Structures are given as C-alpha cells and as structure tokens.
Amino acid sequence: MAGMRHYYRPVAQIDPVRPPGARVLAGGWCWFDRVEVRTRAGSEGLIAAADLPPDVAARLCAPRAPVAGVAWDAPRIMGIVNTTPDSFSDGGRFAGVPEAAAAARAMAAAGADMLDVGGESTRPGATVVPEAEEIARTAPVIAALGGVGVPVSIDTRKAAVARAALAAGATLVNDVSALGFDADMAAAVAGSGAALALMHAQGTPETMQRAPTYDDVVLDVYDFLEARVAAAEAAGIDRARILVDPGIGFGKTEAHNLALLRSLAILHGLGCPILLGASRKRFIGRIGGADRADARGPGTLAVTLAAVAQGVQLHRVHDVAELAQGLRLWRALGSEG
C-alpha cells in the first residue's frame, strides 16, 4: 500500500562462520544478511542486508554505547532485588535492608552485571505505594551497596524516588511507565546524567491485564517506544543513555508475549540497547508446566537464550547464578575454540 510505513526485522544469526556481506547487529555478537520487511498490512518478505535504506542500516548496525558503565559486547544480567512485600515472585523475601543488601551482593558475586532495586510491585492488580514508603524501602538498600562493584538501578515510576535513589548511588532509572506516570521524571533523569530504561505497558498495574488488545503488538510496541525515546531526547536525555524494554507481561496476553519474543530483533531499529524482563512470568509457568514462580528458572533460561540469539543485550532476572551458568555455556558453545 502506497505510503505505508516499513519496519525492518533483521534475521539474526550467531553462527561463527559469516557469509560475505553479513553485517554485525548493534555492534554485538549477532550478524544478519537478510531482513524481513513488515508493514501494518503484514510481511513483505525478505531483502538482503545490502538493500537496507542507509539510515536503517546505520541504526541496526551501530555499536551501542556503554550504559551506566556496562558494555554490550556480550549478553549482560540485571539481578532483581525486590524490597516489596507483595511482588509476584519473591514478595517479602528481601523486605529488610540487611536482607535485600545481602541478596544483592550475592547476585553480584554470582555474575550479575547490574542490580535493579525496586520498592513498588508492578504485578497485575498491584496498587500505588506512597513515595515516602517506596524511598524508605529502596534508598537505604542502594546506599548499602556502595562498593558492590556493579552499577545499581532504581525500578520506579516516581521522580522523588528516583532522585533519592540517585543520591544514594544508583546510576540508572528503570521506569516501567516510560516517563508516563510522573511528569517530573524526565527532568529528574535529565538533570542527573543517569541512564534511563523505557518500558512499554498498556494501562497501569491495576488495569493492564483486563483484556489487552493491539492492532499489531510488535509494531504497536515499536511505535510506542520510538515515541518515548523521542520524548526523552526532547527532555534532554541523550539516546546513548537510553535502553528500551518491550514490557513482557505488562498489558499483554500470552499470545502477545510470544509474538514479541519471536520478533525482538526488530527493536534494534530504535538504536538503543534492549532490556528484557521475562523472568518467571506467568506464561513461562503455563507453557512450561511450573505453577510456582520460583520453579520457572529453566523456562526463563530458555526464553533468555532465545533473546540472546536475537542480540538482546540486558536480561532482568531473579535467578542470577542459573542464568550466568547458562550464558557461560552458550558462550563456550559459540566459540570457534
């Protein structure tokens, strides 16, 4: 259809033998020599990487700058440190500062490249936590992690919580509302020099799983993240400081989650590192036959490795040691020796 926008999904490969004309994806470990072209009307088939529009090729291939000191030459792990009593997977386990700080240090020792501290559950049906309570849950934990050796992120939607966390030593703000919840968040991040993760969600935690619908979930998420990156840039946050997250499980059915996971490589077109948070999600349990959230480590590893094979750089997980072991084996098997 004339005038319809085109989207480009690189067909990512990880084989160590690359054919002539193959291009490196996002400066990382994947390459591609073919690209699927999509529109709102559907797939238009494959084209050679050499036939990409120059601006698209530049965004897909350019190496991503380090974020919060983390380089993207290999898959990286973000360890989840929930200081909440009601998170879907580990609510209450790390509710005290000593417990949370000890868990975070253990994750760093087990192979986490970054730690993500959160004080407000965003599980389906969760309600808003007052700012003062969220700060009391998170800022002391972050302060206690000084010298842990890896950067610390604050998982929050609120500018006041972000400011307190940054003052305590955090260097990245992980905002599941993509600057949409608190009008002051963009200024808080821009003025601090911190990095920013922008996540897609349809609705709020209170409402997001009430019959979510999309015209095309992959392209709708792409367009949303593109717009939020532009909004962040307009607020003074350089694109080199931004990560994008498709928001698996946030206002999405199982079918939506699977469609996004199959097409993650399309998000490289945004020119930012990709953050994926699929760990222990409900669809993993349903498909994998694991009712308990803490029994979904093997399924999480399977999803993570599928994402790694599409060049996804940062993986937010509960089971750091298990994921680190899996990635070590993945690297060994991919080596030419």
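How large is log10 of I(q)/I(0) for the chain at q = 0.07, 0.09 Å⁻¹ when the intensity is taken from the Debye formula with one equal scatterer per alpha-carbon? With one equal scatterer per Cα and no solvent, log10 I(q)/I(0) is -0.27, -0.45.
Here the label points at Val11 and Ala74, each 7 Å from Cα along the C-beta direction, are separated by 3.0 nm in the simple model. Short-range pairs are left out: with C-alpha atoms under 8 Å and at least six residues apart, the relative contact order of segment 1-132 is 18 percent.
Globularity index of segment 7-61 is 1.09 (Cα radius of gyration / 2.2 N^0.38 Å, N = number of residues). Relative contact order for the chain: 19 percent, from Cα pairs under 8 Å spaced at least 6 residues apart, divided by residue count.
Helical runs assigned H by DSSP (4 residues or longer) give the chain a calculated mean residue ellipticity at 222 nm of -10500 deg cm²/dmol, each run adding -39500 (n - 2.57) before division by the residue total. The packing ranking, built from the mean of other Cβ atoms within 10 Å per residue, places the peptides 20-33, 303-316, 267-280 in the order 267-280, 303-316, 20-33, highest first.
The distance from the alpha carbon centre of segment 117-169 to that of segment 267-337 is 24 Å, rounded to a whole number.
A straight chain from Leu329 to Ile287 at 0.36 nm per residue would run longer than the Cα-Cα distance by 12.7 nm. In order along segment 243-255, phi translates into HN-Hα couplings of 10, 10, 9, x, x, 4, x, 9, x, 8, 7, 4, 4 Hz, rounded to whole numbers, per the Karplus curve 6.51 cos²θ - 1.76 cosθ + 1.60 with θ = phi - 60° and x for Gly and Pro.
Over segment 115-181, Cα pairs under 8 Å with separation of 6+ residues give a relative contact order of 35 percent. Peptides 40-46, 177-183 ranked from most to least packed, by the mean per-residue count of other Cβ atoms within 10 Å: 177-183, 40-46.
With 0.36 nm allotted per residue and the present C-alpha distance subtracted, the Glu226-Ala109 stretch has 38.6 nm of extension available. Net charge around Gly28, counting only other residues with Cβ within less than 15 Å of its Cβ (Lys, Arg = +1; Asp, Glu = -1)? So the surrounding residues net to +3.
Short to long, the 5 Å bins of the Cα pair-distance histogram for segment 284-337 hold 4, 19, 27, 23, 16, 7, 2, 1 percent of all pairs.
Readers should treat all values here as calculations from the given coordinates under stated rules, not as data from a laboratory. Every value quoted in this text rests on a predicted model; they were computed, and no experiment measured them. Backbone-built Cβ (ideal geometry, glycine too); neighbour counts: all protein chains shown.
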